[in-house]
Amino acid sequence: MAKITSVRAREVLDSRGRPTVEVDVVVDERITGRAIVPSGASTGVHEALELRDGESVRYRGRGVIKAVGHVNNELAEAVVGQDPRDQAEIDRTMIAADGTPTKSRLGANAILGVSLAVARAAALIEGLPLYRYLGSDRSMSMPVPMVNMISGGKHSENNLEMQDFLAILTGPSTYREALSQTVGLYESLRDTLIEAGVFTPGVADEGGFGPHLDRHEQALDLLMRAFEREGLRPGEDAFIALDVAATEFYEGGQYVLATEERSFFAEGMVQRLREWCEQYPIISIEDGLSEDDFDGWEALTAALGSHVQLIGDDLFTTNPKRLAMGIERGIANSVLVKVNQVGTLTETLAVVEAAQQVGYTTVISARSGETEDPFIADLAVGTGAGQIKIGSITRSERTAKYNQLLRIEEEMGDEAPFDPRTLLARFL
């Protein structure tokens with residue numbers, strides 16, 4: 001039996017230049033699995049806790065030396081001697097060692113680093129690519145990219161409250177073709193922004209453009225113009241996805257859009273999103289309402305759920321209990337999957353499986369504070385999730401995942417189909 005012989009963590013930097021946890025899990029003193037933990041900016045209150053040092057000078061309190069220490073000591077003691085192929089047992093052991101509902105004592109970033117590194121080590125022992133190891137007996141597929149084009153909210157320094165305006169292309173028959181068309185669209189959007197006099201140098205946290213605009217509809221209009229400039233047909237082979245991130249501008253029971261000097265109660269927010277869906281080819285809306293506005297979510301689902309993908313991110317926080325609550329109440333019809341929201345691979349896989357069993361779509365997602373680790377690319381293919389949300393097609397922490405998917409598609413060939421129109425048929 002293979003055994004974990006040592007576990008070692010260190011503090012490294014993420015894409016925002018902020019500390020995060022990297023973990024090496026060594027098996028039989030010869031095989032090393034390594035993983036780096038991402039970090040979010042727009043985070044839901046129900047997420048597992050990312051442990052930071054909190055001191056005022058070093059990294060402005062954002063250091064992760066405490067989390068690193070927990071990996072090197074208590075978590076290492078808990079998992080050394082175990083077989084890395086027993087992922088569920090290892091994750092249960094770490095959860096029990098922490099002993100808190102949100103992994104706040106040892107830190108979800110510490111636990112997740114070990115959990116993902118264990119999976120990498122296990123794949124190496126089995127002589128399998130990570131996606132095949134994660135796939136096991138699941139039906140694998142290449143994910144459809146949901147690509148960031150214009151950013152606002154906590155992902156950008158501009159004035160927009162809503163977080164991301166994204167594109168989904170349904171015409172391509174291969175992932176490689178979809179990526180190529182997306183790069184073309186991104187360049188056409190750059191030209192469109194320059195032509196409109198709103199282009200700003202640099203990019204936002206996830207690689208999208210961050211122009212200052214007078215109203216949110218302007219972002220939608222600019223994206224439509226970019227579709228047409230690139231020769232794409234809006235509503236036929238090119239669609240818009242929104243990441244509203246409504247929790248971030250929910251104040252005192254209202255959704256406050258300071259940019260437009262307007263506020264809405266839930267009913268008004270639902271009506272606005274409904275009107276946009278009538279005016280623009282919007283196929284997907286993420287976090288259209290705040291994380292605990294369940295009545296509002298019920299109204300949104302009743303209004304749009306039959307023909308628009310309604311993704312719960314802050315709503316579900318990749319948490320099996322939160323997802324079960326949503327399924328019971330019939331709210332949303334899709335779940336965003338972020339490994340660091342829940343803190344172990346086992347719990348992440350449980351959420352994907354639970355969603356797929358009831359017909360909710362699943363979208364594997366990166367975080368705004370990302371790393372060069374392409375783990376989620378393999379996760380998306382291995383679980384047959386169907387969709388992936390990495391960010392834009394710039395910045396190497398994003399392209400690391402896109403490039404890994406290119407490699408996987410080349411390796412798998414016809415074994416991993418890419419079929420956007422079938423996947424999203426009920427929303428087209």
Could you please let me know if Ala245 is surrounded by 23 or more Cβ atoms within 10 Å (Cβ to Cβ), touching a Ser or Thr at 6+ places or on another chain (Cβ under 9 Å) and at positive phi?
yes
Mind checking which residues of region 335-376 are more than 19 Å from Phe418 (Cβ to Cβ), outside any loop (DSSP other than H, G, I, E, B) and not hydrophobic (A, V, I, L, M, F, W, C)?
Asn340, Gln341, Thr346, Glu347, Thr348, Glu353, Gln357, Gly369
Would you please name the residue that is surrounded by the most Cβ atoms within 10 Å (Cβ to Cβ), looking only at residues in region 176-196 that are among the hydroxyl-bearing types (Ser, Thr, Tyr) and farther than 20 Å from Asn158 by Cα?
Thr182
Would you please list the contacts, defined by Cβ atoms under 8 Å and residues six or more apart or on different chains, that run from a residue in region 130-149 that is over 20 Å from Glu187 (Cα atoms) to a residue that is among the small types (Gly, Ala, Ser) and open to solvent by 10 Å² or more (accessible area, probe 1.4 Å)?
Gly135/Gly384; Arg138/Gly384; Ser139/Gly384; Met140/Gly384; Ser141/Gly384
Criterion violated by Ala324 - all others in (1) crowded, with 21+ Cβ neighbours inside 10 Å; (2) closer than 16 Å to Glu353 by Cα satisfied
(1)
Note: among Ile65, Ile111, just one is closer than 20 Å to Val37 by Cα and open to solvent by 30 Å² or more (accessible area, probe 1.4 Å), namely Ile65
Which residues, counting only those in region 315-326, are among the hydrophobic types (A, V, I, L, M, F, W, C) and either within 13 Å of Ala350 (Cβ to Cβ) or modelled with pLDDT under 95 (or both)?
Phe316, Leu323, Ala324
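How about region 174-210: which of its residues are among the polar types (S, T, N, Q) and in contact with an Asp or Glu (Cβ under 8 Å, 6 or more places away or on another chain)? Write out each step before concluding.
Going through region 174-210, the residues among the polar types (S, T, N, Q) turn out to be 174, 180-182, 188, 192, 200.
Result: Thr174, Gln181, Ser188.
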Can you pull out every residue in region 285-301 that is in contact with a Gly (Cβ under 9 Å, 6 or more places away or on another chain), open to solvent by 10 Å² or more (accessible area, probe 1.4 Å) and more than 25 Å from Gly40 (Cα to Cα)?
Glu298, Thr301
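Restricting attention to region 357-369, which residues are open to solvent by 10 Å² or more (accessible area, probe 1.4 Å) and over 23 Å from Glu328 (Cβ atoms)? It would help to see each step written out before you state the result.
First, the residues of region 357-369 that are open to solvent by 10 Å² or more (accessible area, probe 1.4 Å): 357-361.
Within region 357-369, none qualify.
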Restricting attention to region 15-24, does a residue exist that is within 27 Å of Ala123 (Cβ to Cβ) and more than 22 Å from the chain's Cα centre (by Cα)?
yes
Among the residues of region 197-210 satisfying the criterion of being open to solvent by less than 40 Å² (accessible area, probe 1.4 Å) and among the hydrophobic types (A, V, I, L, M, F, W, C), which is farthest from Met149 (Cα to Cα)?
Val198
I'd like to know if region 396-419 contains one or more residues that are under 18 Å from the mean Cα position of the chain (by Cα), of a type outside the set (Lys, Arg), crowded, with 18+ Cβ neighbours inside 10 Å and at positive phi.
no
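Restricting to region 271-285, name every residue that is among the aromatic types (Phe, Trp, Tyr) and closer than 10 Å to Leu242 by Cα.
At the first step, the residues of region 271-285 found to be among the aromatic types (Phe, Trp, Tyr) are 276, 280.
Of everything in region 271-285, nothing turns out to be among the aromatic types (Phe, Trp, Tyr) and closer than 10 Å to Leu242 by Cα.
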Yes or no: region 72-81 includes at least one residue that is of a type outside the set (A, V, I, L, M), within 24 Å of the chain's Cα centre (by Cα) and open to solvent by 60 Å² or more (accessible area, probe 1.4 Å).
no
Positions within region 377-411 being under 19 Å from Ala350 (Cα atoms), among the hydrophobic types (A, V, I, L, M, F, W, C) and assigned to a helix (DSSP H, G or I), in sequence order
Ala377, Leu379, Ala380, Val381
For Ala354, only one of the following conditions fails: (1) surrounded by fewer than 18 Cβ atoms within 10 Å (Cβ to Cβ); (2) at positive phi; (3) of a type in the set (A, V, I, L, M, F, W, C). What is its number?
(2)
Would you call Asp86 open to solvent by less than 20 Å² (accessible area, probe 1.4 Å), among the acidic types (Asp, Glu) and either modelled with pLDDT under 95 or over 30 Å from Gly153 (Cβ atoms) (or both)?
no
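Every residue in region 17-60 that is of a type in the set (Lys, Arg) and surrounded by 15 or more Cβ atoms within 10 Å (Cβ to Cβ), please.
Within region 17-60, the first condition is being of a type in the set (Lys, Arg), and the residues that meet it are 18, 30, 34, 52, 58, 60.
Correct list: Arg18, Arg34, Arg52.
The values are calculated or read from the model by the stated rules, or taken from the named source; none is laboratory data. Quick caveat: nothing in here was measured; it's all calculated off a predicted structure. Cβ atoms come from the backbone with ideal geometry, glycine included; neighbour counts cover every protein chain shown. Keep in mind that these areas ignore ligands, DNA and RNA; they rest on the heavy atoms of the full protein, side chains included. Shrake-Rupley method; radii C 1.70, N 1.55, O 1.52, S 1.80 Å.
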